[in-house]
Every structure is written in structure tokens, then in C-alpha cells.
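This is the structure, below, for whatever I ask next.
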Amino acid sequence: MSAMSDRKEIPKRRLGRTEFEASVLGLGGEGLLRSFGRPKEADALINTAIDLGVNYMESARAYSGGESYYGDSLKGRRAKVFLASKSHARDKKGAFAHLEETLSAMKTDYLDLWQIHDVRTEDDIAAIFSPGGAIEAFTEARQKGLARFIGVTGHHDPVVLRKCLEIYDFDTVLAPVNPAEPAYKCFLDEIAPIAGAKDVGVMAMKVYLRGQLDAPKKLLLSYALTQPVSMAVVGCDNVEQMKENVEAALNFTPLKYKEVQRVTALFSAFAKELMYYKP
């Protein structure tokens, strides 16, 4: 590819209070990395991403064999990556059990970022932040150096995600950012003000709308990176998709206000269908 042949670097942005200079494109845990039994393909994807300048990579305890893929593929390259994973446990004991499994699978002594995964409801909030809740495990893990930073993720209810940021001083937040969500449930409207005030690093997910529409990747990635986010975290099905994503990141230019409005208007009629994520 011509854009990569001249060895341009993927732009970097500060990931909030972590102070980490993150590539604006991160490798997410969906796609190929949410599978079992494909170690050679996963190895090629992970190492190609590093070679092309991607320095943020994540998985989750719920993502099949994803954590083990990283453990096998990052040998000798762990220091080049800001490595993240997630736990969907809502209690302290369950979260610590997940962390032990995660560190073992990823073959690392610590995570750069450990995230509370997929907070959806007020009941989730009550469980996580109550005595004996998962937040106690996350806090203790950071104190012990098992996780350098703590994050929270959600893609069902922006109000719930905002409340999490109000309750606790998270270092990062991962939320949907694409041209469909403003017309349905606008996550950035809810979380961006408090994230900015608390210097929380905002990361975008669902940038490509799960591939439901045949829209140009460069446009969708540019839309996301025009918003007040540090980076876009994108899963890949194969190495070729990774190269396409890197190409889009290398050639990213912020959209003008009128372009953002036009793109949002084009997607608004399909917003609810595109933004409804089944469990």
C-alpha cells in the first residue's frame, strides 16, 4: 500500500490521565481474536498490528481464546504494547478470579489497563459498587501493581455509563462512537463532559457499526476520531482488515462540522436498528 510504504506513523493521542501516547487505532478483541483454535492467524494479526505501529491491544475474559492468543504472540514484544483486558464479574471474588485467569492466559505479570466489562443497568451499578463488589478487586489490583489503570465499558445505556464515571475515578472509558448513535442514544453527550472534567481517556468502539453497512472505513474512522476521543478500538477478522484499518488511520483527517452533520443525518434513519446490541 502506498500510504504505508513510505512508513508514515499512525498518529498518537494522550489517553487521558494515563499519560500514555496511544496510537489512534487500537486492536480490539472481537473478530478473529474472539475465537478458539486459530493461533497462527491470531499471531500474524497481532504481530502485523505491532509492526504497523498499533500500540494498544485488548481482549476480555469473555472473549473465547483471545487472551491466550496474546500470551502466545507477545513473547519478547510485551513492552511494545499497552495491554488491556476486561472482567464481566460484578463481585470482588469473581473479578479477582478473572484477573488471575487473565494474567495467566496473557503470560504477563500485570495489565496496563483492566476494565469493568459491559455495564448495562442500575442493578449492575449497585452490584459493582456495593461492599464486596467488583470495584474493590479493581482498586486492590491497581494498588498491588497487577493493573496499572482501571477502566469501564458499556454500550447499552449512556446514562448508566455516565453514572459509573460519577461514582468512581476511572482512568478510561470505552463507548460506542459512530454516526448512528447520536440519533438513538448518544454516549458522547453523556460521558464526554464528565470525562473531560476528570481527564478520563475516552476510547471509541463500534466504530464500523459491526459491519452492517457498506460504508467507507476511512469515513467512519474519521468520524470517530473527529470526536473528543483518544482512539478507536477496532477488531479484525484477518490481517488484510488490519492493514485497511491502519491505512485509514494513517490518512485520517478531521471532518468539518458540516461533514459531521451530513454523515449523521445519513445514518439517522437507521440508528435504532444499527445501535441495538443484543446480549
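Here's the yes/no breakdown for (1) surrounded by fewer than 17 Cβ atoms within 10 Å (Cβ to Cβ); (2) more than 18 Å from the chain's Cα centre (by Cα):
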position: Ser130; (1), (2): yes, yes
position: Glu136; (1), (2): no, yes
position: Lys144; (1), (2): yes, yes
position: Cys164; (1), (2): no, no
position: Asn178; (1), (2): no, no
position: Val200; (1), (2): no, no
position: Val207; (1), (2): no, no
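Here is a follow-up. Would you mind stating whether Lys80 is at positive phi and surrounded by fewer than 21 Cβ atoms within 10 Å (Cβ to Cβ)?
Numbers: at positive phi: no; surrounded by fewer than 21 Cβ atoms within 10 Å (Cβ to Cβ): yes.
So Lys80 does not fit the description; no.
Among the residues of the stretch 171-194, which ones are in contact (Cβ under 8 Å) with a residue 40 or more places away in the chain and either touching a Pro at 6+ places or on another chain (Cβ under 8 Å) or among the aromatic types (Phe, Trp, Tyr) (or both)?
Across the stretch 171-194, the qualifying residues are Tyr184, Lys185, Leu188.
Quick test for you: out of Asp123, Asp112, Asp91, pick the one residue that is over 21 Å from the mean Cα position of the chain (by Cα) and in contact (Cβ under 8 Å) with a residue 24 or more places away in the chain.
On the way: Asp123 fails: in contact (Cβ under 8 Å) with a residue 24 or more places away in the chain; Asp112 fails: over 21 Å from the mean Cα position of the chain (by Cα).
Exactly one residue qualifies, and that residue is Asp91.
Could you check, for the stretch 69-90, whether at least one of its residues is closer than 21 Å to Glu19 by Cβ, at pLDDT 95 or above and charged (D, E, K, R)?
Of the residues in the stretch 69-90, the ones closer than 21 Å to Glu19 by Cβ are 78-85.
After this cut, where a residue has to be at pLDDT 95 or above as well, the list is 78-85.
Imposing the further condition that a residue be charged (D, E, K, R) reduces the set to 78, 80.
Among the residues of the stretch 69-90, at least one is closer than 21 Å to Glu19 by Cβ, at pLDDT 95 or above and charged (D, E, K, R), which makes the answer yes.
Would you mind finding the one in Ala249, Ala269, Ala224 that is in contact with a Ser or Thr (Cβ under 8 Å, 6 or more places away or on another chain) and either at pLDDT below 95 or buried (at least 20 other Cβ atoms within 10 Å of the Cβ) (or both)? Walk me through how you get there before you give the answer.
Working: Ala269 fails: in contact with a Ser or Thr (Cβ under 8 Å, 6 or more places away or on another chain); Ala224 fails: in contact with a Ser or Thr (Cβ under 8 Å, 6 or more places away or on another chain).
After ruling out the rest, the residue left standing is Ala249.
Conditions (1) within 21 Å of Glu21 (Cβ to Cβ); (2) among the small types (Gly, Ala, Ser); (3) modelled with pLDDT of 95 or more, marked per residue:
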{"residue": "Gly145", "(1), (2), (3)": "no, yes, yes"}
{"residue": "Phe149", "(1), (2), (3)": "yes, no, yes"}
{"residue": "Ile191", "(1), (2), (3)": "no, no, yes"}
{"residue": "Gly196", "(1), (2), (3)": "yes, yes, yes"}
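If you take the residues of the stretch 90-103 that are of a type in the set (A, V, I, L, M) and surrounded by 22 or more Cβ atoms within 10 Å (Cβ to Cβ), which of them is farthest from Gly235 (Cα to Cα)? Let's see the steps before the verdict.
Step one: of the stretch 90-103, the residues of a type in the set (A, V, I, L, M) are 95, 97, 99, 103.
Now narrow it down to the ones that are surrounded by 22 or more Cβ atoms within 10 Å (Cβ to Cβ): 95, 99.
On the way: Ala95: 24, Leu99: 22 Å.
Only one residue tops the list, namely Ala95.
The values are calculated or read from the model by the stated rules, or taken from the named source; none is laboratory data. Please read these numbers as outputs of a predicted model, since none were measured by experiment. Note that each Cβ is placed from the backbone with ideal geometry, even for glycine, and that neighbours are counted across all protein chains shown.
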